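The values are calculated or read from the model by the stated rules, or taken from the named source; none is laboratory data. Since the structure is predicted, the reported quantities are computational estimates derived from the model, not experimental observations. In this analysis, Cβ positions are derived from the backbone assuming ideal geometry, glycine residues included, and neighbour counts consider all displayed protein chains.
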Amino acid sequence: MEIRCPVCKEALHREENTYRCIHGHSFDIAKEGYVNLYRHKSETSGDSKEMILARRNFLNKDHYRFLLEELNRCIDEDDVLVDLACGEGYYTSKFKAKDRTGIDLSKQGLRYASKSDKDGTYILSSIFDVPLYDRCADKVLTIFAPIAKEEIVRILKEEGRFLLVRPDEDHLFELKETLYEKPYRNETEEIAIEGLIEEKQLKIHQKAILNKEELHDLFLMTPYSNTTSPSDKKKLDSCDELSVTFAFIIDIYRKV
Ligand SMILES: C[S@@+](CC[C@H](N)C(=O)[O-])C[C@H]1O[C@@H](n2cnc3c(N)ncnc32)[C@H](O)[C@@H]1O
């Protein structure tokens, strides 16, 4: 994947452990393998080390492998693929596309991702200011993350596809029943993106029995860990095992 300089937008060329453009802007490659191209200090710093670690522990148990497999059915080996907000790269590293780029703002996430996937390109950057060229990607994905609509449309090739993964109504409902007096179902209204048309929507679900440790990691990796009161959080401690629904929506959009 050709990367462009976040300062002057010229091409970046790799020279050993540095990326450099013709104007002399240079960016070091971290020892794990990712490059830091982040320029806007005021934005979020991405998921914390604790959240990334919890997600890594949980995803490595392969409870979401059925989602990965469904996504891989929509991907070709010769695709140029960009995973916007790739986190610690569980999905990115396992996509069958040979040309894979993962972008995220979490340094901890990219450390894991780039350490375990030497064939992928990993970039620390905001997904709202992507250091890639217009029309460079056959597939762009966003899994449980903010949707950078304009950048998605800009970097997709004509007829390229955007795959959006978000929770369906019942996703983790039993976890919410355990935590909250009034558990709520997720909202699932359509998401329109100017410049793309929605071609298909897939809904997939599966149940799993989770042990205490898995429940703890699952809770920590979700936004609920930031929004749940301390007294509600305690309810999880008395739960040794729980059958939980995983329910995902995959929206597939085509660039027109
Ligand atoms: C819930 S996690 C999902 C990670 C990954 N897609 C997965 O499903 O395993 C959301 C991710 O979005 C990243 N993120 C949030 N805002 C971002 C931004 N503006 N630019 C880049 N990454 C961002 C966070 O650092 C985090 O890794």
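A quick yes/no check of all residues on (1) crowded, with 18+ Cβ neighbours inside 10 Å; (2) in contact (Cβ under 8 Å) with a residue 12 or more places away in the chain; (3) hydroxyl-bearing (Ser, Thr, Tyr):
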position	(1), (2), (3)
LYS49	no, yes, no
ARG65	no, no, no
LEU84	yes, yes, no
LEU110	yes, yes, no
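Restricting ILE250, ILE197, ILE204, ILE193 to residues that are surrounded by 12 or more Cβ atoms within 10 Å (Cβ to Cβ), of a type in the set (Val, Ile, Thr) and in contact with a Lys or Arg (Cβ under 6 Å, 6 or more places away or on another chain) narrows the list to ILE193.
Of everything listed in (1) of a type in the set (Val, Ile, Thr); (2) within 11 Å of the ligand (Cβ to nearest atom); (3) over 18 Å from MET51 (Cα atoms), the single unmet condition for ILE191 is (2). Of all residue pairs spaced 6 or more apart or on separate chains, those with beta-carbon atoms under 9 Å, a first member in the range 137-158 that is on the phi > 0 side of the Ramachandran plot and a second member that is not in a strand (DSSP E or B) are PHE144/ALA85; PHE144/GLY87; PHE144/THR222. For GLY89, the requirement of being on the phi > 0 side of the Ramachandran plot and under 15 Å from the mean Cα position of the chain (by Cα) is met.
Would you mind stating whether GLU15 is within 20 Å of LYS115 (Cα to Cα), among the charged types (D, E, K, R) and either in contact (Cβ under 8 Å) with a residue 60 or more places away in the chain or away from the ligand (no atom under 14 Å from the Cβ) (or both)? Answer is yes for this residue. Any chance the range 148-161 includes a residue that's within 16 Å of the ligand (Cβ to nearest atom), acidic (Asp, Glu) and in a helix (DSSP H, G or I)? Within the range 148-161, one or more residues are within 16 Å of the ligand (Cβ to nearest atom), acidic (Asp, Glu) and in a helix (DSSP H, G or I). Among the residues of the range 135-147, those that are within 16 Å of the ligand (Cβ to nearest atom), of a type outside the set (A, V, I, L, M) and not in a strand (DSSP E or B) comprise PHE144, PRO146.
For the residues LYS41, LYS96, LYS118, the requirement of being more than 10 Å from the ligand (Cβ to nearest atom), at pLDDT below 95, assigned to a loop (DSSP other than H, G, I, E, B) and among the basic types (Lys, Arg) singles out LYS41.
Residues that are surrounded by fewer than 14 Cβ atoms within 10 Å (Cβ to Cβ) and either on the phi > 0 side of the Ramachandran plot or over 25 Å from the mean Cα position of the chain (by Cα) (or both) occur in the range 221-229; there is at least one. Checked against (1) of a type in the set (Phe, Trp, Tyr); (2) assigned to a helix (DSSP H, G or I); (3) more than 16 Å from the ligand (Cβ to nearest atom), TYR112 passes all but a single condition, namely (3).
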